[in-house]
Amino acid sequence: MNDLIYDKYKKAGKIAAEARDYGCNLLKPGASFLEVANKIESKIVENGGGLAFPVNISVNENAAHFSPKHDEKLVFEMGNVVKLDVGAHMGGFIADTAITVEIGANNYENMIKASEDALNNAIDMIKPGVNLSEVGRVVEETITSFGYKPIKNLSGHSLEQYVLHSGMSVPNVSEASNKIKPKIGDVLAIEPFATNGEGRVISGKGSNIYLCKESIRSRIIRDNISKIHFNKLFGKFKTLPFAERWCIDLISTNVDLILRRLSFLGLLKHYPQLIEAKEGIVTQKEHTVIVNEEGCEVIT
């Protein structure tokens, strides 16, 4: 990694962290999901960053992948356990970070600490050549020591320019088959999830978060209207996830219908909400790190 790329990652990390912390202060009973998301995203842009993905606001048993629609009416309630997942980029170099906030209560303070301690212990292990399965083992042992379960089918991930999930997984449980070892310069988002439920997630309703799928199919669209809309979306968002509400000014009418059609045609991926299988409460903590000679550097 050269100095220019390193500086971009560092700047993206600073912007994402500031937006995350700013967003925490907005989480109050009666606050609007939509207003909170818009304010956090505006903060990222005001500070000179790009939006790496829509702000994810996942509550209680929803572990990940929910962002409000343009006309969302949801508001936060006392006792909500909110996972706030924020991403910024500089020139496509992404920083991804998340935190859990329990609104106005402390019923799940210990579970929040479980995911935080698991993250800190994982970060302490990250270095060139470490077996990521061993990192997963430490995450699992930390969370289970609190009396909770890690979510086994969610994991951290590597990041590359304009690619949020670039292929390397950082597991939250020990995986004998995972022999991947990071090297100097690799960038990893580490994100332990703890739950009092079953310890796995299932797919729920749509999240209002999409991704353009550039493929042979996208280049041979026969429906000219769909082709025009897809090209607009890909031209704007490229390989990064985007929100339904970001499309309102780009596609002036029937946004939901158009996004559903493009998803049906296989041109868009519509991320599902990820729901704990037994509807257990879920907590999460996430940092982005750069692997270096001594271990790793947290940039968020």
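The values are calculated or read from the model by the stated rules, or taken from the named source; none is laboratory data. What you are looking at is a predicted structure, and each value in this text was computed from that prediction instead of being measured. Here the Cβ is made from the backbone with ideal geometry for all residues, glycine too, and neighbour counts use every protein chain on show.
Odds and ends about this structure:
- Residue in the range 279-295 that is more than 30 Å from Met125 (Cα to Cα), of a type in the set (A, V, I, L, M, F, W, C) and touching a helix residue (DSSP H, G or I) at 6+ places or on another chain (Cβ under 9 Å) present: no
- Those residues of the range 230-249 which are farther than 14 Å from His270 by Cα, touching a Phe, Trp or Tyr at 6+ places or on another chain (Cβ under 9 Å) and in a loop (DSSP other than H, G, I, E, B), in sequence order: Lys238
- Being assigned to a strand (DSSP E or B) and either free of Cβ contacts under 8 Å to residues at least 24 places away in the same chain or within 17 Å of Asp21 (Cα to Cα) (or both) is a property that Ala95 has.
- Residue count for the range 98-126, restricted to those that are buried (at least 16 other Cβ atoms within 10 Å of the Cβ) and in a loop (DSSP other than H, G, I, E, B): 3
- Residues in the range 271-297 that are among the acidic types (Asp, Glu) and in contact (Cβ under 8 Å) with a residue 12 or more places away in the chain were compared, and the one that is surrounded by the fewest Cβ atoms within 10 Å (Cβ to Cβ) is Glu293.
- Pairs with Cβ under 8 Å, 6+ apart, first in the range 256-270 and in the same structural domain as Asn224 (by TED's automatic domain parsing) and charged (D, E, K, R), second surrounded by fewer than 20 Cβ atoms within 10 Å (Cβ to Cβ) and in a helix (DSSP H, G or I): Arg261/Ser226; Lys269/Ser263
- Some residue of the range 256-269 being surrounded by fewer than 21 Cβ atoms within 10 Å (Cβ to Cβ), at pLDDT below 95 and part of a loop (DSSP other than H, G, I, E, B): yes
- Answer residue from the range 140-183, given it is over 30 Å from Met90 (Cβ atoms) and among the charged types (D, E, K, R) and is surrounded by the fewest Cβ atoms within 10 Å (Cβ to Cβ) among those: Lys179
- All positions within the range 255-269 that are closer than 15 Å to Gly206 by Cα and in contact with a Cys (Cβ under 9 Å, 6 or more places away or on another chain): Val255, Ile258, Leu259, Leu262, Leu268, Lys269
- Of the residues in the range 32-46, at least one is among the polar types (S, T, N, Q), within 27 Å of Gly91 (Cβ to Cβ) and more than 16 Å from the chain's Cα centre (by Cα).
- Residues in the range 10-35 that are surrounded by fewer than 23 Cβ atoms within 10 Å (Cβ to Cβ) and either at negative phi or among the hydrophobic types (A, V, I, L, M, F, W, C) (or both): 18 in all.
- Residue check for Ala63: crowded, with 23+ Cβ neighbours inside 10 Å, at pLDDT 95 or above and touching a His at 6+ places or on another chain (Cβ under 6 Å): no
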